[in-house]
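The values are calculated or read from the model by the stated rules, or taken from the named source; none is laboratory data. Keep in mind the model is a prediction, meaning the values are calculated, not measured. Please note: Cβ atoms are built from the backbone with ideal geometry, for glycine as well, and neighbour counts cover all protein chains shown.
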Amino acid sequence: MKSSEQQELAEKIFTVIGGIPFGKVASYGQVARLAGFPKHARKVGQLLKNLPHGSTLPWYRVVNSQRRLSFPQDSIKFLEQKSRLQAEGVVFSKNHVIAKCCVWE
């Protein structure tokens, strides 16, 4: 992919993530699909991993396809993401799976 295509991909992915509603989550694959790049779920993860410090993009609303957080359980990032989502009313089961009602359709 050329650098201009990479930039376009990043902009579209960030636009989709910015549009995930308060209290909802979307999967990496769903974000990629909505951005027009259905086979680039891993790219979504890479872009989120490299967000600049202090970014206001709601990165924490992106979860894996099993409706789980991708960080290791009990890591600082896992606890931060879960806390932010719970503050928005996102519901987790005892085994950390997000309720279907919280998935962005």
Quiz item: Give me the pairs: first residue in region 15-29 and touching a residue at least 60 places away in the same chain (Cβ under 8 Å), second residue among the basic types (Lys, Arg) and crowded, with 21+ Cβ neighbours inside 10 Å, beta-carbon distance under 6 Å, and six or more apart or on different chains, which are they?
Solution: Ile20/Arg61; Val25/Arg61
Quiz item: Of the numbered conditions (1) modelled with pLDDT of 95 or more; (2) touching a helix residue (DSSP H, G or I) at 6+ places or on another chain (Cβ under 9 Å); (3) not charged (D, E, K, R), Met1 satisfies every one except a single condition; which is it?
Solution: (1)
Quiz item: Any idea which of Arg84, Arg68 is more than 22 Å from Gln6 (Cβ to Cβ) and in contact with a His (Cβ under 7 Å, 6 or more places away or on another chain)?
Solution: Arg68
